[in-house]
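S.K.: Once you've had a glance at the structure underneath, I'll fire off some questions.
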Amino acid sequence: MSNLKVRLIGFNAACILACASILAHAASPASSPAAASSVNAPSEPASAVTAATLAERPVVGDDPVAIRDALAKHGVHGNAPSLRDRLRALIPSRKSQDDRDLTQASLDRPLIFVVPIPYGVLYRSNSHVLTIDADLSSEDIPNAILLKKTVNGPDGRGLTVAPEAKAKGFIQQIDVIALKSDASGRTRVHGHLTLPPSTFAKVDGDFAIALMCTLSAPYLSDRHDHSDPTDDEPTDITTRASTLYTNVGAVWLISPQTGTVLSKNLHLSK
């Protein structure tokens, strides 16, 4: 009889524990229809999420030198894709070697390049309308947008003659990095917007363009040129000209001082 009681007590305890577990699971938020629908609901497109996030925080641009160095370090070639590469790109589940290299270099993501606007901005105080018509190209790479240019070393113009330039130390290293959005070479930015006088005063005439883009084949071209001193330019010059190839998805007007977005309705043209 005592054994029967022990068995009944154990059976009752097991039943109580099972019921409690079922009730707890039924009451949990994850098991409710609303929770299930929220878990299984499709997320917003990545591009929309990225744009919304960028609009809510100051825009900080990527360093063109760091992007170029990362491409060179991971061996992402600067040649046009072969027929074999283009055929492989048509297979959704098949990643090309360049795609794998971009992933390894952490460059398979949206990039932001900030380009100052030195001229081409007009503000009409009577109508509070700001008009942008600026060319972002340069003489070094005329059909591309200039991202960065650095010149190291003195210029011998007016200070020496060609045969003595190098001996006197008139040697320059020039580094130019540009961006090409497509084969058409679009470099001009157009747009207009209404800007309150208080906002214009805060910007203090300092504007910049933020280019939202992703890298595309052939990704990078890198060229080194050397020119000996001449009578017109008595300086020994070595130039590195690099071009990043991208697809530009959006063109924004920002304040480079604060990173504040002023307009997202600009566009590139030739």
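S.K.: Can you work out the FRET efficiency for the pair LYS149 and THR258, with r the C-beta to C-beta distance and R0 = 35 Å, to the nearest 0.05?
M.R.: Here the calculated transfer efficiency is 0.90.
S.K.: If you don't mind, there's one more thing I want to ask. Between THR260 and residues 5 or more places away or on another chain, which pairs have amide H atoms under 5 Å apart, with H built 1.01 Å from N, and which residues are they?
M.R.: Here the answer is VAL59, SER255, since their amide H atoms fall under 5 Å of that of THR260.
S.K.: Shifting gears a bit: Treat the count of other C-beta atoms within 10 Å as a stand-in for reagent exposure and order THR243, THR194 from fewest to most.
M.R.: THR194, THR243
S.K.: Using alpha carbon centroids, what distance separates region 127-159 and region 188-252, in Å?
M.R.: 7 Å
S.K.: Rounded, prolate or oblate: which fits region 137-218 when a ≥ b ≥ c are the square roots of the eigenvalues of the alpha-carbon gyration tensor, with rounded for a/c under 1.5 and prolate only if a/b beats b/c?
M.R.: Judged from the Cα gyration tensor, region 137-218 comes out oblate (a/c at least 1.5, b/c at or above a/b).
S.K.: A further question follows. Sequence-distant or interchain residues sharing an amide H contact under 5 Å with SER137, placed H: which?
M.R.: It is LEU146, by chain and number.
S.K.: If the limit is 24 Å between Cα atoms, which of LYS148/LYS202; LYS148/LYS168; LYS149/LYS264; LYS73/LYS264; LYS148/LYS180; LYS73/LYS168 go over it? Spell out each step's value before the answer.
M.R.: Details: LYS148/LYS202 26 Å; LYS148/LYS168 28 Å; LYS149/LYS264 26 Å; LYS73/LYS264 34 Å; LYS148/LYS180 13 Å; LYS73/LYS168 35 Å.
Where the Cα-Cα span goes over 24 Å, the pairs concerned are LYS148/LYS202; LYS148/LYS168; LYS149/LYS264; LYS73/LYS264; LYS73/LYS168.
S.K.: When a/c reaches 1.5 or more, the comparison of a/b and b/c decides; with that in mind, is region 118-258 rounded, prolate or oblate per its Cα gyration tensor?
M.R.: oblate
S.K.: How do LEU220, LEU253 rank when sorted from fewest to most other Cβ atoms within 10 Å of their own Cβ?
M.R.: LEU220, LEU253
Laboratory data are not the source of any read-out in this text; all were calculated from the coordinates shown. Being a predicted model, the structure only gives us computed values, none of them experimental. Here Cβ is always computed from backbone atoms with ideal geometry, including for glycine, and neighbour counts include all displayed protein chains.
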